[in-house]
Amino acid sequence: MAFTTFLSVTDHTATIELVGELDSGSAPKLHRVIEEALRSDVSCLELQAAELSYMSSAGLRALLFARQKLGEDGSVIMLGAPQEVARTVRLAGLEASIKLTDT
Amino acid sequence: MDAITVPASLASLEEVAGYVRALAEQGSLPARAAYNLRLAVDEIVTNIIMHGYREGPGEIRVSGGLERDHVWLQVADQAPPFDPRTVDSGPQPNTPPMDMQLGGLGLFLALKAVDGFSYEFTNGTNINTLTMSSASYGGCS
């Protein structure tokens, strides 16, 4: 299954909708979108993850990359992640870096 | 299930995922166990491509089958010997986000995701064997 992203930026928040399967084949695509998003003056990255049906460690690496690019005061929030995806974030010990919320 | 042999390329991940999906269906694995088995195989195959063959040419053979109470899946390659269990790469809960690194995380997730894992190096071949109990929801909780 393909992986697609939709990016929008308002004020200091970039929103990326993630759709499909995020593995090491598709993670470079997310990496590029994150770089594009962070070219604007952004302090918060919101990831709409309700349609993210799969995520491997390659996806986690892209998200941590975003978190680190945003600096100490930045934040990365993942919204509506399916149970399995959210569990992978927790298991990787990344809850402090990537905040999980239901909606 | 009949084995498949794929080139050591990230483009092969989709075919491997399809194989795991089909095996999980045949074995009537619950959705969560099927997801975890796919995650484990994905991470192990990715590691073979990126670090085993160092993104060079090579082949990866994936085979699998059903037993009475579990599904097994084997990933074999001819890259240099490498036992995934030797990588110490657990989460770093006390590390600030800015200092965190994720080397080895994939294999950590892989080994957590399955019910059983074994490794052997025989006749120049790395053989990784993963098992998932049919009644299980996966060890990844």
Using alpha carbon centers only, region B:109-127 is separated from region B:1-71 by a whole-angstrom value of 12
Honestly region B:28-103 on the Cα gyration tensor test (a ≥ b ≥ c root eigenvalues; a/c under 1.5 rounded, otherwise a/b vs b/c for prolate or oblate) is just oblate
Regression test value, accessible area per residue of region A:31-103, probe 1.4 Å, units Å², expected 44
Quick shape check on chain B: root eigenvalues a ≥ b ≥ c of the Cα gyration tensor, a/c under 1.5 is rounded, otherwise prolate if a/b tops b/c, else oblate, and it reads oblate
The correct ranking of B:SER63, A:SER43 by accessible area at 1.4 Å, largest first, is A:SER43, B:SER63
If every Lys and Arg gets +1 and every Asp and Glu gets -1 at its Cβ, then about the Cα centre chain B yields a dipole, in debye to the nearest 20, of 200
For region B:59-121, the dipole about the Cα centre with charges only on Cβ (Lys and Arg +1, Asp and Glu -1), to the nearest 20 debye, works out at 100
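Taking only protein heavy atoms and a 1.4 Å probe, what accessible area per residue, in Å², does chain B have with all protein chains in place?
Result: 48 Å² per residue.
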Given Cβ charges of +1 for Lys and Arg and -1 for Asp and Glu, the option among A:SER75, A:TYR54, A:SER24 whose Cα lies farthest towards the positive end of the dipole of region A:11-103 is A:SER24
Out of A:GLN48, A:GLN68, A:GLN83, a Gaussian network model of chain A with alpha-carbon springs under 10 Å gives the largest mean-square fluctuation to A:GLN83
Per the charge dipole of region B:13-141 (beta-carbon charges, Lys/Arg positive, Asp/Glu negative, Cα centre), the residue among B:LEU29, B:SER118, B:LEU73 reaching farthest to the positive end is B:LEU29
Once both label points are put 7 Å beyond Cα along the C-beta direction, the B:ALA135-B:LEU66 separation in nm becomes 1.8
For region B:3-119, the percent of accessible surface on carbon and sulfur atoms (probe 1.4 angstrom, ligands and nucleic acids excluded) is 49
Of all DSSP beta bridges having both residues in the protein assembly as shown, the percent classed as antiparallel (nearest 5) is 65
The set of residues whose placed amide H lies less than 5 Å from the amide H of B:ILE60, leaving out same-chain residues fewer than 5 positions away, is B:VAL6, B:ALA8
The Rg/Rh figure for the protein assembly as shown, Cα atoms and Kirkwood Rh, to two decimals is 0.98
Using alpha-carbon positions, the gyration tensor of region A:1-83 gives root eigenvalues a ≥ b ≥ c; with a/c under 1.5 called rounded, otherwise prolate if a/b exceeds b/c, else oblate, the class is prolate
For A:LYS69, counting only lysines whose alpha-carbon sits under 21 Å away and dropping same-chain residues fewer than eight positions off, the answer is A:LYS29, A:LYS99
Between A:ALA2 and B:ALA31, Cβ-based FRET efficiency (R0 30 Å, step 0.05) works out to 0.90
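The values are calculated or read from the model by the stated rules, or taken from the named source; none is laboratory data. Computed from a predicted structure; not experimentally measured. Cβ sites come from the backbone with ideal geometry, for glycine too, and all protein chains shown count toward neighbours. Quick note on the areas: whole protein, heavy atoms, side chains included, nothing else; ligands and nucleic acids left out. Shrake-Rupley method; radii C 1.70, N 1.55, O 1.52, S 1.80 Å.
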